[in-house]
Amino acid sequence: MSERDDFDWTSEEKKAFDRLPREAPPAREVRDRIVRELEARGQLTSRAVRHRRAARFLAAVAAGLALFAAGWALGARTLPRRAGPDDGRPRFILFLYGETAADPRTEADRVAEYRDWARALAQTGSLVSGEKLADRSDFLGKGATPAPAPGGFFIVSARDESEAVAIARSHPHLKHGGSILVRPIEPTS
């Protein structure tokens with residue numbers, strides 16, 4: 001409801017009322033006094049204060065990025081080189097067969113043991129990757145019978161096949177009664 005709805009106005013009075021200016025802007029000194037008072041109460045921050053805060057924030061972000069870049073560069077120079085497809089050495093896949101633990105606690109212990117072996121191998125720069133495989137699989141092919149499925153695999157880099165076999169012999173899977181098939185990976189590029 002507007003203030004003109006409280007009265008019975010003629011159409012000429014309504015038009016005259018609508019032509020009246022609605023608000024006069026406050027005088028500059030009144031506006032400045034209100035702004036100073038709001039800033040003093042902490043209810044308004046000036047542009048200069050906002051700019052200083054933004055500059056401090058951007059400086060902190062830049063410093064954080066510089067520290068991250070320095071840490072990354074330092075880490076890249078000091079960490080042992082990790083094996084990979086581009087390190088020039090031949091790669092081999094170690095397929096793990098048989099002897100899976102039936103008890104979940106034993107399985108968890110075995111996974112931890114295999115993980116520790118893999119971490120130690122990674123420190124030497126020979127481990128590329130490794131995974132435990134799920135028990136289920138889909139076999140595709142015309143008239144073929146699937147061979148026993150491996151329970152997991154590791155891909156390693158080694159100077160030659162004899163070093164890959166030596167790496168496989170150190171795997172804890174053998175001491176648990178499992179077997180390991182070592183196969184060279186043919187470069188495709």
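The values are calculated or read from the model by the stated rules, or taken from the named source; none is laboratory data. Note that the coordinates shown come from a computational prediction; the quantities given were computed from them, not determined experimentally. For neighbour counting, all protein chains shown are included, and Cβ atoms are generated from backbone atoms with ideal geometry for every residue, glycine included.
Counting only residues that are among the charged types (D, E, K, R), at pLDDT 80 or above and surrounded by 11 or more Cβ atoms within 10 Å (Cβ to Cβ), the stretch 27-52 holds 5 of them. Just wondering, is there one or more residues in the stretch 81-88 that are outside any loop (DSSP other than H, G, I, E, B), modelled with pLDDT of 75 or more and either under 30 Å from ARG159 (Cα atoms) or in the same structural domain as ALA166 (by TED's automatic domain parsing) (or both)? No; the residues of the stretch 81-88 include none that is outside any loop (DSSP other than H, G, I, E, B), modelled with pLDDT of 75 or more and either under 30 Å from ARG159 (Cα atoms) or in the same structural domain as ALA166 (by TED's automatic domain parsing) (or both). Looking across GLY141, GLY125, one residue alone is outside the structural domain of GLU107 (by TED's automatic domain parsing) and over 27 Å from GLU107 (Cβ atoms). It is GLY141. Of all residues in the stretch 136-159, those satisfying the criterion of being surrounded by 12 or more Cβ atoms within 10 Å (Cβ to Cβ) and part of a loop (DSSP other than H, G, I, E, B) are ALA149, PRO150, GLY151, ALA158.
Of all the criteria given as (1) surrounded by 10 or more Cβ atoms within 10 Å (Cβ to Cβ); (2) closer than 14 Å to PRO90 by Cβ, the one not satisfied by PRO187 is (1).
Residue-wise test of (1) without any contact (Cβ under 8 Å) to a residue 24 or more places away in the chain; (2) not in a helix (DSSP H, G or I); (3) not small (Gly, Ala, Ser).
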site	(1), (2), (3)
ALA24	yes, yes, no
VAL30	yes, no, yes
LEU44	yes, yes, yes
ARG52	yes, no, yes
GLY71	yes, no, no
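Being at pLDDT 85 or above, more than 24 Å from the chain's Cα centre (by Cα) and more than 19 Å from HIS173 (Cα to Cα) is true for just one of ARG110, ARG136, ARG91. Which residue is that? None of the others qualify; the one that does is ARG91. Within the stretch 162-171, one or more residues are assigned by TED's automatic domain parsing to the domain that holds GLY98, surrounded by 16 or more Cβ atoms within 10 Å (Cβ to Cβ) and assigned to a loop (DSSP other than H, G, I, E, B). Pairing residues of the stretch 117-135 that are outside any helix (DSSP H, G or I) with residues that are loosely packed, with under 13 Cβ neighbours inside 10 Å, at Cβ distances under 7 Å and at least 6 apart in sequence or on separate chains, gives GLY125/PRO80; GLY125/ARG81.
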